[in-house]
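Each reported figure results from applying straightforward, stated rules to the coordinates on display, with no laboratory input. Computed from a predicted structure; not experimentally measured. Here the Cβ positions follow ideal geometry from the backbone for every residue, glycine too, while neighbour counts run over all protein chains shown.
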Amino acid sequence: MEGARSAEGATGRDIEIGFPTDQVLIGGAWSAPDGGATLDLENPSEGSRLAPIARGGAADISRAVNAAEHALAGAWGALDATERGRLLAALGQKVLENADRLAELEALDVGKPLVQGRADAIALARYLEFYAGAADKVHGETLPFRSGYTALTLREPHGVTGHIVPWNYPMQIVGRSVGAALAMGNACVLKPAEEACLTVLAFARLAAEAGLPPGALNVVPGLGEEAGAALAGHPRVNHLSFTGSVATGALVQAAAAANAVPVTLELGGKSPQIVFADADVEAALPFLVNAGIQNAGQTCSAASRILIERPVYAAVRDAMAARYRALRVGRALDAGVDVGPVISRRQRDQIETHLASARDRGVRIAAAAPLDAGLPRGGHYVAPTLFDEVDADDALAQQEIFGPVQVLIPFDGEADALRIANGTAYGLVAGVWTRDGARQLRMARALKCGQVFVNNYGAAGGVELPFGGVKHSGHGREKGFEALYGFSVLKTVAIRHG
Ligand code: NAD
């Protein structure tokens, strides 16, 4: 990609984006959206206008679905699984080569510190590598059946898949959903988030450079209630993958239901990390804090609740508090920043409302990171805040705040830990820190969530590991081979041959 420049210490205005951002990609061609309207992206580190994006709508979505169907009937549909895998591998290589550039775009657009954006770009490349290798390894079976018959199953693509993604991890979420859908031979229509989508647009350009046939991947930016709703409700979309809030997920599921279309929902969370008294606290500490403040807490699997067994409560709290006080909050492109801004003024106001109401209720603060007076006035900065001895039923411990806010909750023994951990509407991730092997297994089985991490949190991204939620965190699984099963349909064939 053109336009890369060193970003260290720079402000957003010093970086060139290097491609037109106000277009939709349909059938392999970039063009203005129907009607030509645009929306503005903002640089959250400065509060300044960053770039225009297309305000796609229903007409663009219809054209994109047509283009996807055309690709399935043409060059894309004609490729075999090995050839699809090769294209994904080539795309993964391009992403790796452009990782620094993608990290800069993510920093400008999402406000994500460079080191975190770079990790997302590497994760995107890993998804593409994984699904490149897996594309020709998903197979049906022959089934024992009556004599005189041969019965078998075939795995086939759904056809046109719709992908609606949020702003917080555009690269990772596109990698896990679009990567898997393409591997199985679907043609994708992708609606990125209106708050941040530069890396999605850059990725689509890299896909064309890698040789992806026209129409295999179509991208229509726009507002959720316009382009998003049109995609969710389109009668010729055969599968929907949605990542975002619970409320929007319900709308998407309702739209899918009207067309009897399967839908994967990756929604929010209020995930706990549980620290037992026998845990290796030194090993746990970086995970306890990082999982709360990474991407300024705007992570579906953020560990927003830290449950600590009472004998070690004070020691863990004090060690976490010390780390909080040392956090550096700053512009995403500055060197050495731990926490960037949150995505928007609206998001910041919502978080500040939670913080103010907790203070009014008298919830004690264990520590807050300092905010430098020299930060840009227009930027959306929130001081990372750690709350002490929070009641498990308090709003801070029940609602997804989606900001750099963690609550500490003391507990007494395994049963109490489970009651608190399972006591929210969500069920995405849980972390368990204990040296007791039997307890590790008991906890892993009893926690009501999609994934449990024992003596780690997040398994370093683990693209190979299925991911998804239960309860209000959603349903269906992405990542790993499970995503390939989700992005395909099983067909049964029974042949009577005598
Ligand atoms: P959101 O639901 O507002 O937006 C997500 C996407 O949906 C955006 O692309 C948006 O344009 C689109 N959208 C909005 N209204 C729509 C409609 N009526 N029809 C169709 N599409 C519509 O979510 P958000 O606030 O941007 O993202 C934050 C939420 O996402 C949090 O709850 C977070 O936990 C969740 N999330 C979950 C995961 C996961 O893997 N489980 C990952 C990242 C984020």
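Of the trypsin sites (Lys or Arg not before Pro) in segment 133-195, which ones lie in a loop per DSSP and count no more than 13 other C-beta atoms within 10 Å?
Those satisfying the criteria are Arg146.
When only Cα pairs below 8 angstrom with a gap of at least 6 residues are kept, the chain shows a relative contact order of 18 percent. Using Cβ point charges alone (K and R +1, D and E -1), the dipole size of the chain about the Cα centre works out to roughly 960 debye. Seen against the Cα atoms of the chain and their longest principal axis, helix 81-97 is set at about 40 degrees.
A Förster radius of 41 Å, combined with the Cβ-Cβ distance separating Glu225 from Ala444, puts the computed FRET efficiency at roughly 0.55. Considering all C-alpha pairs of segment 272-462, those separated by over 19 Å amount to 56%. Against the main long axis of the alpha-carbon atoms of the chain, helix 58-73 sits at an angle near 60°.
Add +1 for every Lys or Arg and -1 for every Asp or Glu among the other residues with Cβ under 9 Å from the Cβ of Ile26, and state the total.
0
With both labels modelled 7 Å from their Cα along Cα-to-Cβ, the Asn259 to Thr353 distance reads 3.3 nm. Normalised by the number of residues in segment 304-413, the average gap of Cα pairs under 8 Å and 6 or more apart makes the relative contact order 36 percent. Rg/Rh for segment 365-498 stands at 1.13; both radii use Cα atoms, and Rh follows the Kirkwood definition. Convex hull volume per residue, computed on the Cα atoms of segment 167-228, equals 77 Å³. Take every pair of alpha-carbon atoms less than 8 Å apart whose residues are at least six positions apart; their mean separation over the length of segment 33-164 yields a relative contact order of 22 percent.
The sum of -39500 (n - 2.57) across all DSSP H runs of n ≥ 4, divided by the residue count of the chain, sets its helix-only mean residue ellipticity at 222 nm to -11500 deg cm²/dmol.
Note on Lys137: lysines with a C-alpha under 29 Å away, same-chain residues under 8 apart excluded, are Lys94, Lys191, Lys479, Lys491. Within the chain, DSSP assigns beta bridges of which about 45% are antiparallel (rounded to the nearest 5).
What's the percent breakdown of Cα-Cα distances in the chain across 10 Å bins, shortest bin first? Percent of pairs per bin, in order: 4, 20, 29, 26, 15, 5, 1, 0, 0.
Only Lys, Arg, Asp and Glu count, each charged at its Cβ (+1, +1, -1, -1), so figure out the dipole size of segment 272-462 about its Cα centre, rounded to 20 debye.
Details: 20 positive and 21 negative charges, 91 e Å.
Dipole size: approximately 440 debye.
For the chain, the longest principal axis of the alpha carbon atoms and the long axis of helix 114-134 meet at an angle near 40°. Shape analysis of segment 337-390 yields a ratio of the Cα radius of gyration to the Kirkwood radius, Rg/Rh, of 0.98.
In terms of overall dimensions, the C-alpha atoms belonging to segment 448-496 reach 53, 23, 15 Å along their principal axes, ordered largest to smallest. For the peptides 454-465, 354-365, the ranking by packing is 454-465, 354-365, with the highest mean count of neighbouring Cβ atoms within 10 Å listed first.
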